[in-house]
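Working notes for the structure below.
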Amino acid sequence: MEEMEEELKCPVCGSFYREPIILPCSHNICQACARNILVQTPESESPQSRRASGSGVSDYDYLDLDKMSLYSEADSGYGSYGGFASAPTTPCQKSPNGVRVFPPAMPPPATHLSPALAPVPRNSCITCPQCHRSLILDDRGLRGFPKNRVLEGVIDRYQQSKAAALKCQLCEKAPKEATVMCEQCDVFYCDPCRLRCHPPRGPLAKHRLVPPAQGRVSRRLSPRKVSTCTDHELENHSMYCVQCKMPVCYQCLEEGKHSSHEVKALGAMWKLHKSQLSQALNGLSDRAKEAKEFLVQLRNMVQQIQENSVEFEACLVAQCDALIDALNRRKAQLLARVNKEHEHKLKVVRDQISHCTVKLRQTTGLMEYCLEVIKENDPSGFLQISDALIRRVHLTEDQWGKGTLTPRMTTDFDLSLDNSPLLQSIHQLDFVQMKMAWFAFDPGSAHSDIIFSNDNLTVTCSSYDDRVVLGKTGFSKGVHYWELTVDRYDNHPDPAFGVARIDVMKDVMLGKDDKAWAITEGGITKGATIGVLLDLNRKTLTFFINDEQQGPIAFENVEGLFFPAVSLNRNVQVTLHTGLPVPDCYSSRASIA
């Protein structure tokens, strides 16, 4: 119920409503606060002068908005009646809730009457502090506004639930804090006394135990307060005017302005509006549930962004460390780019979490307030506010419309390092969108028997045993294709080409452990070209020899971080070619699939 507290506070004083009245715009305000924000209007704008001139007016006359400047849009802190020569500029103040209000144009006269009964200045005007709609009071003054007894009842129950903890009624010495209340026994129990005096068996097993706060509220529910007519103060409301949407008394029907209006039974309309409000709350409740699930999704996105950021930083560091002397300065810049993207994504998601949390808190508060209103047993009091609440519920539900519960940011980092094989182009390194990558073999992670040349694009081996060498760039997403040409092929060796994890064994043939996926035979001779296509979008690995695909798909369910890999001995020499487009035959098949 804590989230409902904002619904129970006056927009002027910021405190719980005290003797709240309902303005014609359906907003509430304390009686005392209403008097404090009254201002006087020129005589020519009063209801009496309008009636004297023959113009039709209602009981409450709204001022023309083009005649009144309620407050400065630039937050200057001043408001004025632009069209009234006799009205001085009146300074505008802010309530504790941040709502601009106008102080009285003159000090209120000394009186011992309540705010509602005390006389108000002639031709007084009041401006709603929430919707800023203004109206001129008639001779009844503040007495012409109905009291919101339902809101008073909700506030009473809320304040009771927030009071000090209830004590057990059966503890003999120092009473312990009560943990339950039995509705049938009407007794508060602590856990030891409940087990001793109210065991969950026998006839007591059917008793209903509730939390202490709920029990206190049900015990102290106040009797129904009968609302009286604002036009005929000695008469109780007995019917509901459909046209005016308000409770009325029998005198209103016989001699008042409602005599020709359609009216219905007060109890029937009470039940109907309760049903409508309950139905509206069902839709809003679904939206609130979706919002809670959406917040869970956003918080999970924060964690996913953190994990993806760590992965990308690791790849970036691995690439830059291979060219330490030339890349140190550039590495810091690239890391800053990743961190900036990381912070941007987190900021967007966290801002959305904050916005959604505030919106959900407001929605939940309105729901809890409406549920408390439904509990009221005062038909007329309920009907005074039910239409406004139904509209608010529908409006709040519409605010959770399409797009509100959609993440504004993805968790993916669509960045890849453009690692040029030429040291002189290091200053041009930048991120690309994981489509083509330029990389060389990595001396730092290779077996010590591997021999590098041609700017680390060509490798051979000094040993007759197979040794493994990896590329400097690892891939975890996207589609990547590279080729290796066989420069030397003596005595029918068994080179292997494929991909591997960073911790693959370096002193055995590629594919001998569970950290590598490779092709080791099939048409490989001197001058042959082996193509490796790693499609992490479809989680597949495909091989080509001399531009011909070797079977449909060599490996499936390929997930994780992979590095280009080759194993060879001294009888083989290969050269790496990167930054190549995907073969047309594969692109055509992928588009059809």
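The values are calculated or read from the model by the stated rules, or taken from the named source; none is laboratory data. In this text, all values refer to a predicted model and were calculated from it rather than measured experimentally. In this analysis, Cβ positions are derived from the backbone assuming ideal geometry, glycine residues included, and neighbour counts consider all displayed protein chains. Surface areas here come from the heavy atoms of the whole protein model, side chains and all, with no ligands, DNA or RNA. Shrake-Rupley method; radii C 1.70, N 1.55, O 1.52, S 1.80 Å.
Taking the criterion of being surrounded by fewer than 17 Cβ atoms within 10 Å (Cβ to Cβ) and either modelled with pLDDT under 90 or farther than 19 Å from Asp286 by Cα (or both), would at least one residue in region 357-374 satisfy it?
There is no residue in region 357-374 that is surrounded by fewer than 17 Cβ atoms within 10 Å (Cβ to Cβ) and either modelled with pLDDT under 90 or farther than 19 Å from Asp286 by Cα (or both).
Among the residues in region 338-349, are any open to solvent by 20 Å² or more (accessible area, probe 1.4 Å), over 30 Å from the mean Cα position of the chain (by Cα) and within 30 Å of Lys472 (Cβ to Cβ)?
no
Pairs under 6 Å by beta carbon, first residue closer than 13 Å to Glu152 by Cα in region 364-378, partner crowded, with 18+ Cβ neighbours inside 10 Å and among the basic types (Lys, Arg), six or more apart or different chains?
Within 6 Å, the pairs are Asp378/Arg149.
Going residue by residue through region 253-264, is there one that turns out to be at pLDDT 85 or above, within 43 Å of the chain's Cα centre (by Cα) and either over 23 Å from Thr364 (Cα atoms) or open to solvent by 30 Å² or more (accessible area, probe 1.4 Å) (or both)?
Yes, some residue in region 253-264 is at pLDDT 85 or above, within 43 Å of the chain's Cα centre (by Cα) and either over 23 Å from Thr364 (Cα atoms) or open to solvent by 30 Å² or more (accessible area, probe 1.4 Å) (or both).
Could you tell me whether region 317-325 includes any residue that is open to solvent by 80 Å² or more (accessible area, probe 1.4 Å), over 24 Å from Phe441 (Cβ atoms) and not hydroxyl-bearing (Ser, Thr, Tyr)?
no
Would you mind listing the strands (runs of 3 or more DSSP E) fully within region 478-593 where at least 1 residues are open to solvent by 20 Å² or more (accessible area, probe 1.4 Å) and touching a residue at least 24 places away in the same chain (Cβ under 8 Å)?
Qualifying strands (runs of 3 or more DSSP E): 479-489, 516-519, 529-535, 572-577.
Working only within region 378-410, note down all residues that are touching a Gly at 6+ places or on another chain (Cβ under 9 Å) and over 18 Å from Ile21 (Cα atoms).
Once the filter is applied, which keeps residues that are touching a Gly at 6+ places or on another chain (Cβ under 9 Å) and over 18 Å from Ile21 (Cα atoms), region 378-410 yields Val393, His394, Glu397.
How many residues does region 387-419 hold that are within 28 Å of the chain's Cα centre (by Cα), crowded, with 17+ Cβ neighbours inside 10 Å and of a type in the set (S, T, N, Q)?
Of the residues in region 387-419, 2 are within 28 Å of the chain's Cα centre (by Cα), crowded, with 17+ Cβ neighbours inside 10 Å and of a type in the set (S, T, N, Q).
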